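The values are calculated or read from the model by the stated rules, or taken from the named source; none is laboratory data. What you are looking at is a predicted structure, and each value in this text was computed from that prediction instead of being measured. Positions of Cβ are generated from backbone atoms using ideal geometry, with glycine treated the same way; all protein chains shown enter the neighbour counts.
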Amino acid sequence: MIVRVRIDERLIHGQVASYWTRFLNITRIMVVDDLAAGNDIQKTALKMACPAGVSLSVLTVEKACARLTDPNEHRYDKDRVLVIFKGTDTLRKAVDGGFPVTEVNIGNIAGKFGTVQVKTSVAVTQQDADNIHYLSEQKGIKVYGQMVPSDESYDFIEAMKKVNR
């Protein structure tokens with residue numbers, strides 16, 4: 001069962017490994033990212049970052065969509081799954097591929113050239129903003145921000161409006 005879907009370009013790191021997995025009683029982290037799934041070094045690093053007692057899946061978008069939409073697939077039925085996407089492009093591709101999601105938590109998108117700061121540790125490009133609006137308006141997905149469980153969540157669409165995105 002998917003417990004939470006999160007966008008965090010750092011994938012598995014201290015906040016995910018320590019706070020979110022304990023808070024949500026996660027038994028499996030599923031990283032959905034085509035580049036990570038095809039990179040043995042990155043998969044090894046993700047395995048090392050994954051907390052003890054928590055299983056890890058590093059899947060391409062296509063494989064994740066196939067596994068989660070196949071009515072005969074029951075491999076994750078007993079797991080409490082935290083799904084992590086590196087960015088909005090990957091999440092949009094997954095949603096368009098049938099990935100089942102009703103809400104998404106925006107965790108960390110670092111500032112870089114061409115981004116606008118929305119909140120601390122969250123900056124978006126125009127493409128990110130377009131993807132987020134698409135997910136919210138076209139697909140009916142609730143998009144909210146929350147770095148760690150102790151932080152209050154906020155409406156990400158409203159936060160983007162404040163910075164004209």
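Structure values in brief
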read-out: Residue tally, condition assigned to a loop (DSSP other than H, G, I, E, B) and in contact with a Leu (Cβ under 7 Å, 6 or more places away or on another chain), over the stretch 71-93; value: 2
read-out: Residues that are in contact with a Ser or Thr (Cβ under 7 Å, 6 or more places away or on another chain) and not in a loop (DSSP other than H, G, I, E, B), drawn from the stretch 94-113; value: 108
read-out: Selection count, the stretch 4-27, where residues are under 27 Å from residue 73 (Cα atoms) and buried (at least 17 other Cβ atoms within 10 Å of the Cβ); value: 13
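One line per residue, one yes/no per condition, for (1) farther than 21 Å from residue 19 by Cα; (2) loosely packed, with under 12 Cβ neighbours inside 10 Å; (3) of a type in the set (S, T, N, Q); (4) modelled with pLDDT under 90:
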site: 95; (1), (2), (3), (4): yes, no, no, no
site: 104; (1), (2), (3), (4): no, no, no, no
site: 123; (1), (2), (3), (4): yes, no, no, no
site: 127; (1), (2), (3), (4): yes, no, yes, no
site: 131; (1), (2), (3), (4): yes, no, yes, no
site: 136; (1), (2), (3), (4): yes, no, yes, no
site: 149; (1), (2), (3), (4): no, no, no, no
site: 159; (1), (2), (3), (4): yes, no, no, no
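Every residue, every condition in (1) in contact (Cβ under 8 Å) with a residue 24 or more places away in the chain; (2) not acidic (Asp, Glu), yes or no:
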| residue | (1), (2) |
| --- | --- |
| 110 | yes, yes |
| 119 | yes, yes |
| 124 | yes, yes |
| 129 | yes, yes |
| 135 | yes, yes |
| 138 | no, yes |
| 144 | yes, yes |
| 155 | no, no |
